[in-house]
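One structure below.
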Amino acid sequence: MAAGYAVSFPFLAIYLNTQKNVPMSFIGIYLSCSMLLGAVSNVFGGELSDRIGRKKIMFFSLFFRSLLVLSIAAVIKHDLDVVYLLIIHPLGIFAGSFFNPAARAYVADFVPPGNRLKAYGIMRIGTNAGWAVGPGIGGFVAVSSYAAMFFITGTVYLLCSGMIYFSLREAGEPKAAPGPSGASNLFSLASVRETLKNRDFAFFCVFTFIIASVMSQLVVPLSLYSKKYLLFTEKQIGLLFTINGAMVVFLQYFVSRFFSRYKITVSLAFGSLLYGAGYFFYGFSDLYYLAALAMMVVTFGELAVSPGLQALSANLAPEHRKGRYMGIHSMMQQVGNSFGIFMGSLLMDHLAPYYRQASWTFMLFMGLTGFVGFSVLGRRVGAADNGLPALPPPAKPGTEMA
């Protein structure tokens, strides 16, 4: 799926700007709004996966998105008005974003809490391997046809939806929590507020938002800063992303295995510190080898944080509400991503002419805030939820072994 996505969608902004003369400022606002729409649909996807099953949501989400992506290919192929593409794309994001919380909950259904950090780490290896393959294929195909790129993506999604339908099994019958009258509560904003009354989970969502704003700097703000202020070439910037992707593919399993011996919040706190320090270091990296070292620090932060966020959100969720909890958590993470891109770009536009490292200093502050927040959360969350075996109850007086 990740490879199929990366064949076409990283080139969408280029197509809109160079082939359809859509201004970059409009493209940026348009893509941010589309991302926020996807954030909302995460909540619905998680909720529905609790009610009708993970497999059904994953299948229908991917199937309908494949049809919408193939529609984009048809719009490009027949050179229709760009308005059609601008309408279809956010619909595809809305349909496709149902998939993520259902998939994360599906893993939690089969993997016990102590092993989830490693399980989500393994999923990230597959995702990043796909990202390593997809853009190369897309760049090759783009030379001849943008329509062919989206046709490949739609076809891959269609095939993957078939694989899900025929090869996956549900963990059991879906079960939603009963309401006061014995019937299942319908999804509503009130149900979201009820979920956030779980103080540990609400605390976790706040600091997920904070660290997600730091994580989002990797592509757009970092690329703009590298080009405008560090004067790196596109080839040099691309190599930095290659370093990032290769480290994830080859080191994620070992990093997740290392941190599985500790509380998940230790991984999150340590990773937040590395994220903030790595980006701050990058702001002062006028020499390319220093930028590469800073990217390595950032990537180690990513290796520690990303699986931990998924594992802890699964562990904090009650058995009958994993989809809802993970949907709300995914929404908070995507909103944090949007905020981070907005703040990074804003600071770079308005403060960087006076203090070049303004945005990266802000990210250091956010990373330190995440470090403190996840450290505090580690003292609030029980051992089992934090990925460790639950401590045995104390022995009754008089029953201790000599």
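The values are calculated or read from the model by the stated rules, or taken from the named source; none is laboratory data. Predicted model only: the values in this text are computed from it and were never measured. As a convention, Cβ positions derive from the backbone with ideal geometry for all residues, glycine included, and neighbour counts pool all protein chains shown.
Applying the selection to the stretch 7-40, what residues are within 16 Å of Phe99 (Cβ to Cβ) and touching a Gly at 6+ places or on another chain (Cβ under 8 Å)? Lay out the reasoning, then the answer.
Let us first name the residues in the stretch 7-40 that are within 16 Å of Phe99 (Cβ to Cβ), namely 9, 34-35, 37-40.
Correct list: Gly38 only.
What pairs come up if the first residue lies in the stretch 225-236 and is buried (at least 19 other Cβ atoms within 10 Å of the Cβ), the second is outside any loop (DSSP other than H, G, I, E, B), and their beta carbons are under 7 Å apart, counting only those six or more places apart or on different chains? Close Cβ pairs satisfying both conditions: Tyr225/Met348; Ser226/Ile237; Leu230/Ala291; Phe232/Ser226; Phe232/Tyr288. Only one of (1) surrounded by 21 or more Cβ atoms within 10 Å (Cβ to Cβ); (2) within 24 Å of Phe365 (Cα to Cα) fails for Phe270. Which number is that? Exception for Phe270: condition (1).
I'd like to check something: does the stretch 166-182 contain any residue that is within 22 Å of Ala39 (Cα to Cα), surrounded by fewer than 17 Cβ atoms within 10 Å (Cβ to Cβ), among the polar types (S, T, N, Q) and at pLDDT 85 or above? No, there is no match, as no residue in the stretch 166-182 is within 22 Å of Ala39 (Cα to Cα), surrounded by fewer than 17 Cβ atoms within 10 Å (Cβ to Cβ), among the polar types (S, T, N, Q) and at pLDDT 85 or above. Within the stretch 328-348, residues that are more than 27 Å from Leu316 (Cβ to Cβ) and hydroxyl-bearing (Ser, Thr, Tyr) reach partners that are modelled with pLDDT under 90 and buried (at least 20 other Cβ atoms within 10 Å of the Cβ) with beta carbons closer than 9 Å, at six or more positions or on different chains, in the pairs Ser345/Pro221.
Could you list, in sequence order, all residues of the stretch 251-270 that are in a helix (DSSP H, G or I) and without any contact (Cβ under 8 Å) to a residue 12 or more places away in the chain? Walk me through how you get there before you give the answer.
To start, the set of residues in the stretch 251-270 that are in a helix (DSSP H, G or I) comprises 251-259, 264-270.
Across the stretch 251-270, the qualifying residues are Phe254, Phe258.
Pairing each residue of the stretch 62-84 that is more than 10 Å from Ala147 (Cβ to Cβ) and hydrophobic (A, V, I, L, M, F, W, C) with any residue that is at pLDDT below 95 and assigned to a loop (DSSP other than H, G, I, E, B), provided the two are 6+ apart or on different chains, yields C-beta distances under 6 Å for Val82/Lys20.
Has the stretch 293-301 got any residue that is part of a helix (DSSP H, G or I) and among the hydroxyl-bearing types (Ser, Thr, Tyr)? Show your work before the answer.
Residues of the stretch 293-301 part of a helix (DSSP H, G or I): 293-301.
Narrowing the set further to residues that are among the hydroxyl-bearing types (Ser, Thr, Tyr) leaves 299.
Scanning the stretch 293-301, I find at least one residue that is part of a helix (DSSP H, G or I) and among the hydroxyl-bearing types (Ser, Thr, Tyr), so the answer is yes.
Residues in the stretch 108-129: is at least one surrounded by fewer than 21 Cβ atoms within 10 Å (Cβ to Cβ), of a type in the set (Ser, Thr, Tyr) and out of contact with any Leu (no Cβ under 7 Å at 6 or more places or on another chain)? Within the stretch 108-129, one or more residues are surrounded by fewer than 21 Cβ atoms within 10 Å (Cβ to Cβ), of a type in the set (Ser, Thr, Tyr) and out of contact with any Leu (no Cβ under 7 Å at 6 or more places or on another chain).
Annotation: of all residues in the stretch 349-402 being more than 30 Å from Tyr229 (Cα to Cα), among the β-branched types (Val, Ile, Thr) and within 31 Å of the chain's Cα centre (by Cα), the one that is modelled with the lowest pLDDT is Val381.
Among the β-branched types (Val, Ile, Thr) and under 30 Å from Gly121 (Cα atoms): which single residue out of Ile72, Ile52 fits that description? Walk me through how you get there before you give the answer.
Values: Ile72 fails: under 30 Å from Gly121 (Cα atoms).
None of the other options fit; the residue is Ile52.
In summary, Leu68 fulfils each of the numbered conditions (1) among the aliphatic types (A, V, I, L, M); (2) over 25 Å from Leu168 (Cα atoms); (3) modelled with pLDDT of 95 or more with the single exception of condition (2). Picking from residues in the stretch 320-364 that are among the hydrophobic types (A, V, I, L, M, F, W, C) and part of a loop (DSSP other than H, G, I, E, B), the one that is surrounded by the most Cβ atoms within 10 Å (Cβ to Cβ) is Ala352.
So, in the stretch 92-108, how many residues would count as being assigned to a helix (DSSP H, G or I), of a type outside the set (Lys, Arg) and farther than 27 Å from Ser144 by Cβ?
11
Among the residues of the stretch 52-72, those that are closer than 26 Å to Leu309 by Cβ, surrounded by 19 or more Cβ atoms within 10 Å (Cβ to Cβ) and among the aliphatic types (A, V, I, L, M) comprise Ile57, Met58, Leu62.
Against the conditions (1) more than 20 Å from Gln334 (Cβ to Cβ); (2) assigned to a helix (DSSP H, G or I), Leu80 satisfies every one except (2). Exactly one residue out of Gly139, Gly162 is surrounded by fewer than 21 Cβ atoms within 10 Å (Cβ to Cβ), at pLDDT 90 or above, more than 21 Å from the chain's Cα centre (by Cα) and part of a helix (DSSP H, G or I), and it is Gly162.
Per-residue answers, yes or no, for (1) more than 18 Å from the chain's Cα centre (by Cα); (2) crowded, with 18+ Cβ neighbours inside 10 Å; (3) at pLDDT 90 or above; (4) closer than 22 Å to Ser216 by Cα:
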| residue | (1), (2), (3), (4) |
| --- | --- |
| Met24 | yes, no, no, yes |
| Gly28 | yes, no, no, yes |
| Cys33 | no, no, no, yes |
| Leu37 | no, no, no, yes |
| Ala74 | yes, no, yes, no |
| Asp81 | yes, no, yes, no |
| Leu85 | yes, yes, yes, no |
| Pro90 | no, yes, yes, yes |
| Tyr106 | no, yes, yes, no |
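Tally time: how many residues in the stretch 142-159 are assigned to a helix (DSSP H, G or I) and without any contact (Cβ under 8 Å) to a residue 12 or more places away in the chain?
Filtering the stretch 142-159 for residues assigned to a helix (DSSP H, G or I) gives 142, 146-159.
With the extra rule that they be without any contact (Cβ under 8 Å) to a residue 12 or more places away in the chain, the set shrinks to 159.
Final tally of qualifying residues: 1.
Got at least one residue in the stretch 297-313 being without any contact (Cβ under 8 Å) to a residue 40 or more places away in the chain and farther than 16 Å from Ile210 by Cα? Yes, the stretch 297-313 contains a residue that is without any contact (Cβ under 8 Å) to a residue 40 or more places away in the chain and farther than 16 Å from Ile210 by Cα.
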